[in-house]
Each structure stands twice: as structure tokens, then as C-alpha cells.
Amino acid sequence: MTQWTLLAPLDGWALPLAEVPDPVFAGGLAGDGVAIDPTSDLVRAPCAGVIRWPPRARHALTIQTVAGIDVLVHVGIDTVALDTGLFSPLVADGTAVAAGEPLLRFDLDTLARRAPSAVTPVLLGHGAAATIGARVLGRSVRAGERLFDCDSPADSPADSPAVTGPARPAVARTFRVPFDHGLHARPASLVAAGLQGLQVEAHVRANGRRADLRSVSAVMALGVRRGDRLDVEVRGDDAGAALAALERLLGAAAAPAPPASARPARVPRIDPGAPLPGTSAVRGLAVGVAFCWNPPLPEIAERGADADAERGALASARATVRERLERRAAAAESHRGVFDAHRQLLDDPQLLTVAEDALRLGRSAGAAWRAAIAATIAALHASGDPRIAERAADLRDLEAQVLRALAGEALDGRIELPERAVVIAEELLPSQWLELDLDRVAGIAMAAGGATSHVAILAAARGIPVLVALGPAALDLPPGTPVILDAERGELIPHPDDARSRRITAELAARAAEEAADLAEAHAPCVSADGTPIAVYANLGSLADARLARARGADGCGLLRTEFLFLDRADAPGEDEQAEVYQRIADALDGRPLTIRTLDAGGDKPIPYLPLPAEENPALGLRGIRTSLHDPRLLATQLRAILKVRPAGVCRILLPMVSGLAEVRAVHAILRDAQTTLGIDAPPPIGVMIETPAAAVLAGQLATATDFFSIGTNDLSQYTLAMDRGNPALAKSLDALHPAVLALIRSAAQAARRAGRPVAVCGGLASDPCAVPVLLGLGVHELSAVPSMVPRLKRLIRGLDLAACARLADRALDCVDGAAVRATVAAWTARGGTDVE
């Protein structure tokens, strides 16, 4: 054995790969090593060898050692797209260097601002026959200090598994590079990991060069770009398995880069009392004390002693977790779909295939499960849709549960919290939510996380305010730190001064008294100050929501999101199952109108049993009614189920994402067939969602074939302003009160009034008190909001005069952006709603 030492190439903080905010590096798929969070801008050689730069890129470098082992230094995460101008190489490709020589200088300040993370992995190349001994972790290091020790065989340390037996003919396959930035470190690592342990020789030719597919550095050195041709040759006993693995990796447009919403950004440390900016996932206010909760995962061995024993241990741990999830699902009155989704993921065939491959390569049960989770998370991130990528939190939750089961830890504990706890975590997971004493939780703050995560959904049902994407500085707050969580403005305020604490505490007390008064009047009719009846409905997503809406005085349901019946399951719900659920919700509303939106699938709501073609931009592809008409069998079943609800006429049908009259007419034809099948003469009222600019502009046409409009301001805003509502970087700019969106709302409302059709707003704007007088002034006389807001909205509307609201709306349309509209409304409200001067 040859023993050697790798030196730190940078000044900074040494941390384990598991803490790198990237699934490929964190999962060990790119190789083993240590990461450094840099405090200097100079990269030095960690060992002696020959420098290799990827063509057209300088964010990463490889040192080929005399022992035949490649050492990779990858500066920052997702820096391949930022390469130009940030990195200045100090040596040329092919230069022999000594340990400690300067290799690269980079702009650390710009990197920290623009990249998801500056954390720099230092790795032994994938497949290297070397083992890492003692590592420096959890402390600061200086460039040139020992980072970790290695042992490697004296001969051929990095050889591929031998191909034994008689020579076999090569099997050839051609691919096109599917990754946006070519075969850089992450995708090259995934390719090498996919071939690990297989008895094959695998090479690729591209741009006139040839590389071993097991060598990350050699593949990176090809310099291929998206769309370039890859001619692959595979030879050996496992050629079929190797080609299948390559097909999975290169045959689809995969780009395993986590979106900004799924990882913490680097933010500087802040002074006590300075607010930490975040994104509001569940609006509200809380005053309390910080409770920082980041339980460590159990330590696991990388190598397993016996594949069969490790396979059995993993199966047993999964069975333990499955039984726990079944208990949780059975006990859940609402949102049981969260636990059902985890049960589906626990038995996901692709996940188990990756884990089995790792077990066959000699990895332990825990290491195999962790690798499978990392690979699956990478596939989710490849979607490019932040809302889909947020489902990665569910996979990390399953990773933690199975690893704890393998370690023999109890899975059903209860965390002791202080009173008025503001729970702060990197990313609170659904299983951790279950361990909280919710009566003591005042609010939740996450350094990472997403606004549509499962925990945000669970917290919203309990009325607990949630902030996400606060960054790592939130994790530095000591336990017991006084904090204000302001999910109205989107900030966490540590060590607030006494005056601010008293003001917020008084505001919360006033709100509680106001809510009690509002609730006492919530069941009375809602009539504006000038005598105009205004309906206030509730948006629903479950039977529990319907019960809450009824208790809060809702006049009915303006939007039932039926996706809860279709998502997180292996097959579609049948006609009778749907009809039973719709009937129970109708019964809970006690005869009040029930507006059922047909399945709104596609885009950010993919369904496994409804295969859709791959789309480069799902948000502009098969979504809503387009998906239903692409394969109308699910729609026909759903329409028959709606027709079965009694009493007849209590239901209204709402069509999502409509763009034109042809779509509405196609649904009418399917509805007539359903009526004929069930022997029903009178069809229920049918309406359309106005959530595309096309629908708003063509509202007059749509009114000729529909009975009502419902304006979905969430999607209408993103399509009108060309801003992805799942992108946290645009969250502050994407405001549905933007005058461009308001102009489309007025256009649709005017078309509805001319045709004698009612028009509602069911998007997020209907739950925003600031927006209500503007919406009424634009001609909207129905609102559908979250159930908890119904009493407050009714009280607000009773004090409004619609003529004054119309003048306010005119002024809002002259504003330059949403912020200006909000300022105008605030000034109008402060003057009693009588003028807009």
C-alpha cells in the first residue's frame, strides 16, 4: 500500500461532503473527499501532479497524480454557468506542479453572491482504488494544511473492473448530450457512478477525442456541450446493464442542479436586531423564542460486510418506516395524502433499483439507501421546476427515517418545546413535524425549504405562520433567542427591541379580539355599505377544509381543488370513489354551492399514471384542461362522478387553464355523453378559470358557452408578467396587484357583466385584504378565499362603498407596479376609503 496526504487547497472551513448543498456531491456520487467553505480566493495544488482543465471552463480542475489517481477540486456549486470572468487560471493545461503551487484565483465575493454556494468539494476521482483515512472536519483550515490521508495500492490503483473471459464484440450506441452545460463534474459523476461495479469497458468518442466513461476528469476533458453527439462503445459481460444505465442518464434531458428554492443561499452574518429576509409560506405573525432543531443523521458505514445481510437490514428498516406511515395515515383526519405519498416513495421501483445496485457493489444498507435518495433527488431537480424539486424534501425525510430505523433509533418521539416556540430548522420535514407539540409552536422558520412544501401545507391547516428560504444565518440563532416571525412582511427579527415586541404583541392581541368579533358575525349575509350583496366563498382541498369553511361562515365553495384525489397514488380514483368524496363535501357545506374544478394536472402537478410527453417548458405545455383533453378518459369519469352528487344543481363545474372556446365546447361534448350515460337531463352550471391572458382577452367569446367566470390570479399573474411564481428570486416582483393584471381582471369582469354572468376571484388575491376594495371596484362580486380569512373579509366588505372602490380601482390602474398599487390602497384606507388623492 502507498500512503500519501492531500493538502487543503484553500483557506476556509472544512466540512463533510454530506453537508454540501448538492445531491451528487453530498451523496458521494462524484467521489469521496472533504469540502471547504472558502475564505480565500486562491486555489493551491493539494498534491503533486499534472493539471487538467475542462475545455472552455475554469471552475474545476483535476490533478493527475503519479499514482494514477485523479484529484478533483470543484470551486463552488453550480458555478459552471458562472465561469466567464470569475476564474483566472495561473497555470496551463498539462503543467506538472508541486504540492502547494498556486493554480487558480477567483472572485470570491461575486461567487458568494451569484452561486448557490461557494462550498468547494475536494475529491478523489470516481472509481479510484484508494481509501481515505483520517480527515480534518468541523474546523478552519489553511491552504497547505493536511486535509485527509489516503491509502492506495502500489499498482494500477484506478483500474476499471477487469473484463474476463473470451473477447466480446463491442455494443455501440449514440446519444446527444442532454445537460445544459455539457458533461461537467456532476453529470460526469453520475455517468461514472452508473457504471460502477459492472464488468465492462465503456468509452465515448466526441469532438474527435476518446475517454473512459468511468473517469470523471476524462469525460469533463471532452469539452462537449448540450446537443453534442456522443458515440459510446461498451464491451463486457454487463454490457446490457451498462447501456441501460447510460440510457437512463443520457437518454433524457437531465440536469441535476437543485433550484434556488431547494437550497440555502449564502448570506452574511447579521447584527442582533437586524431582520433576516425570507419568503412567506404561511402568512401571519408570531412572537416567541427560537428553538433550533437540526437533529443529526446516524453515522453509517460505507461498506457492508455481506450483501444479503445488508439487503435484509434495509428491507427491515423500510418495513418499520412503512408501518409507521400507515399508522400516521390512518390517524390523519386531513392531509393524509402526505403520508400516503411517503409510502409510495418508500416502495418506488427506481429508488429500489438504485439501492440494489449499490448493495451489489458492496455498500452498506445505509450507504445504498443514501445513494438511491441522492440519485432520485437529482432526477427531481432535473425537471427544472422549483415546485417539483421541492418534493426532494420528502425524499430527504424518507432518507432520515430509514437511516434512523437502521440505527435502531425510536421513530415516534415527542420533542420538548418551550412555550411560544419559533422552530428554526434547515428544512423541517413531515416526519419531524409529527414530533412537535403543536400547542407550543408559535411559528416555523426554515433556512431552506419551499413555499409549497408539505410542511407548509400542514402548518397552514393549523394556522401556524411559516417563513422559508431565510438562509444559513437563521441557524446561528442560539436557543431561547427572543424573535419576531413576521410572515406578513417576510422577515425574522432576532432580539427585537422592547418597543417592537410590545407593538407586535399588542397587534396579535388586537387581532385575536378582532377575529373573535368577526367570527361572531361570519354567518350573517355579506352586504357592502351601499347595499350590494357580495358572496364570500372558500377554497377547499379536503373534507376537513369544507368543515372549517362552514364553521367560518363561508357562503359555499368557490374552488374545490380535486388534485388531492389524484396525486400521490399508483392509479386513478374511480367514479364511485370520487362521487363519495364530492358528496361528503357537499353534505358538509349543507346545501351551499360547491364549485368543483376538474383535474388540474401537468406542469407542477405530474401524475404517474397519466403519462405525458416530455416538455422543455411544462408551464407552457399540457396543463389544466389541455391535459384532460389530451386523454379525456379521466375527465369523463370525473364528470360522471360530479353528476351523481345530490341534491341536483348543488355543484358547479369549473375548467382550469382554458385558452379558448374550442376547449370549452370539447368539454361540453364529453359532459353531454356523461349525462346520457347517467340519464340526467339538466347539466350543472359550467364555468372557466380566467388564468391565461388569452382567456381574459377572449372573455366575451367564452361567456357565450359558459355560465360563470372564476379568475385565478396566481397563474394569471405569472403568465401576464412572464415571471415564474415558483422562483423565489422573483417573489417580491410577482404581485397580482400589478396594474397589467388588474387591467385583464377588469376586461374579464366587463365581459361577464355584459353577458349577465357572475365573475369571482379564487386566486390568492381574494385572500388579500389589501386587494379586496380594488377587486370590488373592478366589478368582481364574488370572492373565494382560504377558509380562515372568510370572517375578516366579510367584515371588511361590509364597510366598503362600491362607488368609492371603483374610483380606487381607476387610480390603481394608473400605477406603475404592484407596490405602487398597495401604497395607493394603504393611503386610501388610512383616509377612510373616501378618496384616492
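Here the peptides 480-487, 299-306, 187-194 are ranked by packing, the mean other Cβ count within 10 Å, and the order with the highest first is 187-194, 480-487, 299-306. When peptides 42-55, 310-323, 754-767 are sorted by average Cβ neighbour count within 10 Å, with the highest value leading, the order is 754-767, 42-55, 310-323.
Would you list the P(r) distribution for the stretch 744-837, with all Cα-Cα distances sorted into 5 Å bins from 0 and each bin expressed as a whole %? Values per bin, smallest distances first: 3, 14, 25, 25, 21, 10, 2, 0. Note on the stretch 728-778: Rg/Rh from C-alpha atoms, Kirkwood Rh, equals 1.02. Taking max minus min of the alpha-carbon positions on each principal axis, the stretch 398-520 gives extents of 50, 36, 26 Å, largest first. Multiplying the residue separation of Arg303 and Arg754 by 0.36 nm and removing their Cα-Cα distance gives an extension gain of 155.1 nm.
Over the stretch 1-62, what percent of the accessible surface lies on carbon and sulfur atoms, probe 1.4 Å? Carbon with sulfur: 53 percent of the solvent-accessible area. Highest mean first, the peptides 674-685, 658-669 sorted by other C-beta atoms within 10 Å per residue fall in the order 658-669, 674-685.
What the phi angles of the stretch 792-808 give under the Karplus curve with 6.51, -1.76 and 1.60, with θ = phi - 60°, is a coupling list of 5, 5, 4, 5, 4, 5, 4, x, 9, 9, 5, 5, 5, 5, 5, 5, 4 Hz, glycine and proline written as x. For His495, the solvent-accessible surface with a 1.4 Å probe is about 90 Å², rounded to the nearest 10. The modelled label-to-label distance between Arg327 and Asp817, using points 7 Å beyond Cα along the C-beta direction, is 5.2 nm. The ellipsoid equivalent to the alpha-carbon distribution of the stretch 513-592 has semi-axes of 31, 13, 11 angstrom, derived from the gyration tensor eigenvalues as √(5λ) and listed largest first.
Here the stretch 619-655 is scanned for amide nitrogen atoms under 16 Å from the site 7 Å beyond the Cα of His668 along Cα-to-Cβ, giving 653-655. Could you state the number of Å between the C-alpha centres of the stretch 691-723 and the stretch 6-57? So the separation of the two Cα centres works out to 50 Å.
The HN-Hα couplings worked out from phi for the stretch 574-580 by the Karplus form 6.51 cos²θ - 1.76 cosθ + 1.60 (θ = phi - 60°) are x, 4, 5, 4, 5, 4, 5 Hz, whole numbers, x standing for Gly and Pro. Taking every alpha-carbon pair within the stretch 444-504, the share separated by more than 14 Å comes to 59 percent. Among beta bridges from DSSP that stay inside the stretch 415-544, the antiparallel ones total about 40%. Around the Cα centre of the stretch 413-492, unit charges on the Cβ atoms of Lys, Arg, Asp and Glu (plus for the first two, minus for the last two) sum to a dipole of about 140 debye.
The values are calculated or read from the model by the stated rules, or taken from the named source; none is laboratory data. All figures in this text were calculated on a predicted structure; none of them were measured in a lab. No Cβ is skipped: glycine too gets one built from the backbone with ideal geometry, and neighbour counts run over all protein chains shown. We work out accessible area using only protein heavy atoms, side chains counted, and drop any ligands, DNA or RNA first. Shrake-Rupley method; radii C 1.70, N 1.55, O 1.52, S 1.80 Å.
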